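The values are calculated or read from the model by the stated rules, or taken from the named source; none is laboratory data. Quick caveat, the model's predicted, so the values are computed rather than measured. Note: ideal-geometry Cβ built from the backbone for every residue, glycine included; neighbour counts use all protein chains shown.
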Amino acid sequence: MRTQVAIVGAGPAGLLLGALLHRHGVDNLIVEQRSPAYVLGRIRAGVLEQVTVGLLEEAGVAARLHAEGLPHEGFDLCFAGQRHRIDLQRLVGKHVTVYGQTEVTRDLMEHRTAIGRSTVYEAQDVAVHDFDGEQPRVSYRLGGQAHEIQADFIVGCDGFHGVSRASVPAAALKTYEKIYPFGWLGVLADVPPVAHELIYGNTERGFMLASMRSATRSRYYVQCSLDDKVENWSDEAFWDEFRRRLPAEDAARLVTGPSLEKSIAPLRSFVAEPMRFGRLFLAGDAAHIVPPTGAKGLNLAAGDVGLLSRAFAEFYAGSHGSRHVGIDTYSQRALARVWKAERFSWWFTSLMHQFPENGEFGARMQLAELEYMFTSEAAQRAVAENYVGLPLA
Ligand code: APR
Ligand code: PHB
């Protein structure tokens, strides 16, 4: 098989890249190691920046998002008995859209089928070859048969544990990593959200987040210890803990119910530089990870593939002189946005979680920062500007 762009991974990054390339008339193939059901079964965050919404519109995959997504013009921060709303619309004139990543992935999968683009699912032993030359290849096995795709370019959209970054010689990569000393215990339940906007709380018992997927489906999180196990948490135990971390007025109206999904996720910051190696490009979680506090993971993946799709469109359509500009500057432009989102995600995580190891002084620094933010329009605007998402270069 031959294509112009071979994409490894059919998560949000790979699927959105495929849809954008199709829009720009660039031929592409996606190779995914899991089944469609497995990919859809992953529960991830659900806050879309306007840049992400715009890219889904550009790809022609925003109809259901506009019909079912929930525009959110602000969110609440709770700390030490205080509560303050960050008014995104007033501060920066933008809002975010609450719409689950699972639904984004579903929409992209259905779109890809509708446009007749193929995705190879349940591919085994996927490998990338010769990306330092002019004729890169992707090989894989399907049903016991060996297959190969010749391409002009390969894009690794295969996530943190994928094969693409792992195929780059270690000497060619610089990685940066921070592991946080706690996890997030998350519950998805068909109960009405406790509030109409998101509530982020830093309580003495730890971080809490009240989020949602719709008016009838809630997504709630509590900070837990790294060695905690999800089997230690019955639904009842979770609801009791979540209720204790909610502000009293919300706890009083909390509706509980059976969990549809319950899991513990570790928190990590990670960046691999550069994001290009000859004719292999990295995008999304394959190149960077953020702690979920700032809801940046999906949005950074979308930004990467937005830049890449325009770079490839320019390459295939542009005059000989300019055709390489986008692909030659992709890594530097993507990383400029990635590092700013890494900083915001790290800062927000450091502000909103309990770090006993930081002692009383660390706790007072958190309190001082939050009290400064509650009284400073400039500080609130900085938070709002980062939360709604920075512009695409
Ligand atoms: N071969 C083929 N596919 C692979 C391989 C491989 N060797 N390794 C991983 N994959 C697939 C995974 O099965 C997954 O479907 O690549 C896809 C990567 O998807 P994600 O991990 O979702 O990463 P990305 O598309 O960059 O989306 C980032 O997803 O994980 C969340 O928090 C993250 O919101 C962020 C978003
Ligand atoms: C979610 O809805 O899963 C979610 C929302 C906001 C975050 C993180 C997760 O910051």
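Can you tell me which of 44, 85 is among the basic types (Lys, Arg), in a strand (DSSP E or B) and within 16 Å of ligand 2 (Cβ to nearest atom)?
Exactly one residue qualifies, and that residue is 85.
Out of region 321-377, which residues are of a type in the set (A, V, I, L, M, F, W, C) and free of Cβ contacts under 8 Å to residues at least 40 places away in the same chain?
325, 347, 361, 363, 365, 368
If you take the residues of region 116-147 that are assigned to a loop (DSSP other than H, G, I, E, B), surrounded by 13 or more Cβ atoms within 10 Å (Cβ to Cβ) and modelled with pLDDT of 95 or more, which of them is nearest to ligand 1 (Cβ to nearest atom)?
123
Need the failing condition index for residue 293 against (1) away from ligand 1 (no atom under 16 Å from the Cβ); (2) among the hydroxyl-bearing types (Ser, Thr, Tyr); (3) farther than 28 Å from residue 172 by Cβ, just the number.
All conditions are met except number (1).
Do any residues in region 276-296 that are in a helix (DSSP H, G or I) have Cβ atoms under 6 Å from those of residues that are away from ligand 2 (no atom under 16 Å from the Cβ) and not hydrophobic (A, V, I, L, M, F, W, C), where the two are at least six apart or on different chains, and which pairs are they?
The qualifying pairs are 284/304; 285/159; 286/156; 286/158; 286/159; 286/162; 286/164; 286/165.
For residue 92, all conditions in the list (1) modelled with pLDDT under 95; (2) out of contact with any Phe, Trp or Tyr (no Cβ under 8 Å at 6 or more places or on another chain) hold save one; what is the number of the exception?
Only one criterion is unmet by residue 92, namely (1).
For residue 15, indicate whether it is closer than 27 Å to residue 386 by Cα, away from ligand 2 (no atom under 16 Å from the Cβ) and surrounded by 16 or more Cβ atoms within 10 Å (Cβ to Cβ).
Taking the combined requirement at face value, the residue satisfies it.
Which residues, taken from region 216-226, are modelled with pLDDT of 95 or more and surrounded by fewer than 20 Cβ atoms within 10 Å (Cβ to Cβ)?
Correct list: 216, 217, 225.
Spot the failing condition for residue 337; the list is (1) basic (Lys, Arg); (2) away from ligand 1 (no atom under 16 Å from the Cβ); (3) touching a helix residue (DSSP H, G or I) at 6+ places or on another chain (Cβ under 6 Å), and only one is missed.
Going through the list (1) basic (Lys, Arg); (2) away from ligand 1 (no atom under 16 Å from the Cβ); (3) touching a helix residue (DSSP H, G or I) at 6+ places or on another chain (Cβ under 6 Å), residue 337 breaks only (2).
I need a count of the residues in region 252-275 that are more than 15 Å from residue 177 (Cα to Cα) and touching a residue at least 24 places away in the same chain (Cβ under 8 Å).
Number satisfying all stated conditions: 14.
For the list (1) of a type outside the set (Lys, Arg); (2) in contact with a His (Cβ under 8 Å, 6 or more places away or on another chain); (3) farther than 21 Å from residue 385 by Cβ, I need the number of the one condition that residue 116 fails.
Of everything listed in (1) of a type outside the set (Lys, Arg); (2) in contact with a His (Cβ under 8 Å, 6 or more places away or on another chain); (3) farther than 21 Å from residue 385 by Cβ, residue 116 misses just condition (2).
From (1) surrounded by 14 or more Cβ atoms within 10 Å (Cβ to Cβ); (2) away from ligand 1 (no atom under 16 Å from the Cβ); (3) of a type in the set (Val, Ile, Thr), pick out the condition that doesn't hold for residue 113.
(1)
Inside region 1-26, can you point out the residues that are within 20 Å of residue 142 (Cβ to Cβ) and either within 10 Å of ligand 1 (Cβ to nearest atom) or assigned to a loop (DSSP other than H, G, I, E, B) (or both)?
1, 7, 8, 9, 10, 11, 14, 15, listed by residue number.
Just the residues that are more than 12 Å from ligand 2 (Cβ to nearest atom) and either assigned to a helix (DSSP H, G or I) or touching a residue at least 60 places away in the same chain (Cβ under 8 Å) (or both), please, taken from region 88-102.
Listed by number, the residues that qualify are 88, 89, 90, 91, 92, 94, 95.
Scanning region 138-193 for residues that are of a type outside the set (A, V, I, L, M, F, W, C) and free of Cβ contacts under 8 Å to residues at least 24 places away in the same chain, which turns out nearest to residue 268 (Cα to Cα)?
Of everything passing the filter in region 138-193, 161 is nearest to residue 268 (Cα to Cα).
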